[in-house]
Amino acid sequence: TTEAYEAAFDAAVAADERIEPRDWMPEAYRATLIRQMAQHAHSEIIGMQPEANWITRAPSLRRKAILMAKVQDEAGHGLYLYSAAETLGVSRDELLDKLHTGRQKYSSIFNYPTLTWADVGAIGWLVDGAAITNQVPLCRCSYGPYARAMVRVCKEESFHQRQGYELLLALSKGTPAQHAMAQDAVDRWWWPSLMMFGPPDDASAHSAQSMAWKIKRHSNDELRQRFVDICVPQAESLGLSLPDPDLRWNEERGHHDFGTIDWSELTEVIKGNGPCNEQRLGQRRRAHEEGAWVREAAAAHAAKRRTAQHT
Ligand code: 3HC
């Protein structure tokens, strides 16, 4: 009976066991995982665009090679996450169609432009740093395929964060113009990086249920606070300041207090009114159309092989 299945599901989640694709699960659990995993995958794929903008403009072969490796990793993370989402009974085509028609989202952070080379460092240090803070707890997510995908992703994300930090350090310690370029990038990427963690807890539609199902292990505000606490000492060792005059250590709380986030900005960017939304989705749709022949050729080849095997 459904009651028995529900009881078994609830007991497994309570016991911190993994739910696997063939296990019974509430339809709402399946739906929220498809939503989150698909949008996570979309974020990885769209996230390639801002960085790729600098592959042909990297200042040295070393920086170019590192950036190419990072962008390739993001593509791999996206494919990994689409495969994990497919275990829930959806097809990649369906998910991509939802992205292309605005029925599924991708992270707001990728709707900002990469104006200088220092942005590549700020993205690595802040955006990938925020991604790690968000993704490490997801390694303990109740849904097996998602949790396992996160273990691999987090290892590669750490390289992304380190290379970004090192890039910024080189600029910060460079000429005054280089230092100013690094500071300008941090000033532009700091607040949008804090918005990656989602709306405040009291405005989060999914947090309560996602935490009850152990998909989300910490609330949006908890992870945001954790990220701020990690970044303050790192900014000090970078010799760069964070653009928040209210940022200060609070001995009582054991955390850094920080200024208020402009939530209307996040709402606008999510609605599609960010600086680069049109450009990002337009480029994604074009890439999908231009890549149709590759998908058709691969499908034809696979069909030919299947026929050959059966003759
Ligand atoms: N950008 C876009 N949409 C956002 C958002 C953001 N920064 N923050 C929240 N939202 C959306 C949510 O998707 C949800 O909308 P939906 O119902 O249409 O999906 C709505 O705003 C309400 O937010 P909630 O907090 O209620 O939603 P969640 O419980 O899903 O929490 C989340 C949001 C913390 C992003 C969670 O979905 C999550 O942890 N996702 C997995 C991680 C992820 O997707 N990270 C995105 C960046 S990936 C990345 O950085 C790659 C790296 O390699 C650079």
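Scanning residues 5 or more positions from Ile215 or on other chains, those with amide H under 5 Å from its amide H are Ser142, with H placed 1.01 Å from N in the peptide plane.
What the phi angles of the stretch 228-240 give under the Karplus curve with 6.51, -1.76 and 1.60, with θ = phi - 60°, is a coupling list of 4, 4, 6, 6, 4, x, 5, 5, 4, 6, 7, x, 10 Hz, glycine and proline written as x.
Let me know the shape class of the stretch 14-81, please: from the alpha-carbon gyration tensor, a ≥ b ≥ c as square roots of the eigenvalues, rounded when a/c is under 1.5, otherwise prolate if a/b is greater than b/c, or oblate. Taking the square roots of the gyration eigenvalues as a ≥ b ≥ c, the stretch 14-81 is prolate.
Of interest is the spacing of the C-alpha centroids, which for the stretch 165-227 and the stretch 102-130 amounts to 10 Å.
Phi angles across the stretch 243-258 convert, under the Karplus curve 6.51 cos²θ - 1.76 cosθ + 1.60 with θ = phi - 60°, into 3J(HN,Hα) values of x, 9, x, 8, 6, 7, 5, 10, 3, 4, 7, x, 9, 8, 6, 9 Hz, Gly and Pro given as x. Sparsely packed loop sites in the stretch 247-294 (the GluC sites (Glu not before Pro) outside DSSP H, G, I, E and B with at most 11 other Cβ atoms within 10 Å) comprise Glu251, Glu252. Checking every one of the trypsin sites (Lys or Arg not before Pro) in the stretch 14-109 against DSSP loop status and a limit of 12 other Cβ atoms within 10 Å picks out Arg22, Arg103. The residue list Ile270, Pro26, Ala118 was ranked by how far each Cα lies along the charge dipole of the chain toward its positive end, using unit charges on Cβ atoms, and Ala118 comes out on top.
Here His310, His179 are placed in order of increasing Cβ neighbour count within 10 Å, fewest first, which gives His310, His179. Note on the chain: dipole from Cβ charges, positive end direction compared against Gly254, Pro199, Trp189; the farthest Cα belongs to Trp189. Separation of the stretch 1-26 from the stretch 260-291 is 37 Å, based on Cα centroids.
When the C-alpha to C-alpha distance is required to be over 24 Å, the pairs from Lys64/Lys216; Lys98/Lys271; Lys70/Lys155 that qualify are Lys64/Lys216. Across the stretch 165-284, C-alpha contacts under 8 Å between residues 6 or more apart give a mean separation that, scaled by the residue count, equals a relative contact order of 23 percent. Taken over the C-alpha atoms, the stretch 205-311 has Rg and Dmax values of 23.8, 75 angstrom. For the stretch 1-66, applying the loop criterion from DSSP together with a ceiling of 15 other beta carbons within 10 Å to the GluC sites (Glu not before Pro) yields Glu17. An ellipsoid equivalent to the stretch 96-223, defined through the eigenvalues of its Cα gyration tensor, has semi-axes of 30, 17, 14 Å when rounded to whole angstrom and sorted largest first. Adding -39500 (n - 2.57) for every DSSP H run of four residues or longer, then dividing by how many residues the chain holds, sets the calculated 222 nm ellipticity at -21000 deg cm²/dmol. Distances between placed amide hydrogens fall under 5 Å for His255 paired with Asn250, all partners being 5 or more residues away or on another chain. For the stretch 165-235, the Cα gyration tensor yields ellipsoid semi-axes of 34, 12, 8 Å (square root of five times each eigenvalue, largest first, whole Å). Placing unit charges on the Cβ atoms only, positive for Lys and Arg and negative for Asp and Glu, gives the chain a dipole magnitude near 1400 debye about its Cα centre. For the chain, the Kirkwood hydrodynamic radius comes to 21.0 Å, computed from all pairs of different C-alpha atoms. A cut-off under 12 angstrom between Cβ atoms defines the neighbours of Gln36, and their net charge, with Lys, Arg +1 and Asp, Glu -1, is +4. If you take all other residues with their beta carbon under 11 Å from the beta carbon of Pro21, and give Lys and Arg +1 and Asp and Glu -1, the sum is 0.
The phi torsions of the stretch 87-97, fed into the Karplus equation with coefficients 6.51, -1.76 and 1.60 and a -60° offset, translate into couplings of 5, 9, x, 10, 9, 4, 4, 4, 5, 5, 5 Hz, rounded to whole numbers, with Gly and Pro shown as x. Taking the alpha carbon gyration tensor of the stretch 93-165, multiplying each eigenvalue by 5 and rooting it gives semi-axes of 23, 21, 9 Å, largest first. Amide H to amide H, with H built 1.01 Å from N, Ile19 comes under 5 Å of Tyr143, Gly144, counting only residues 5 or more places away or on other chains.
Where the alpha-carbon atoms of the stretch 1-139 are placed on the principal axes, they occupy 63, 32, 21 Å, in descending order. Exposure proxy shown here: for Leu126, Leu169, the number of other Cβ atoms within 10 Å sets the order, fewest to most, as Leu169, Leu126.
Values in this text are rule-based calculations from the coordinates and carry no lab data. Worth saying up front: this structure is predicted, and the values here are computed from it rather than measured. Quick reminder, even Gly has a Cβ in these numbers, built from the backbone with ideal geometry, and neighbours come from all protein chains shown.
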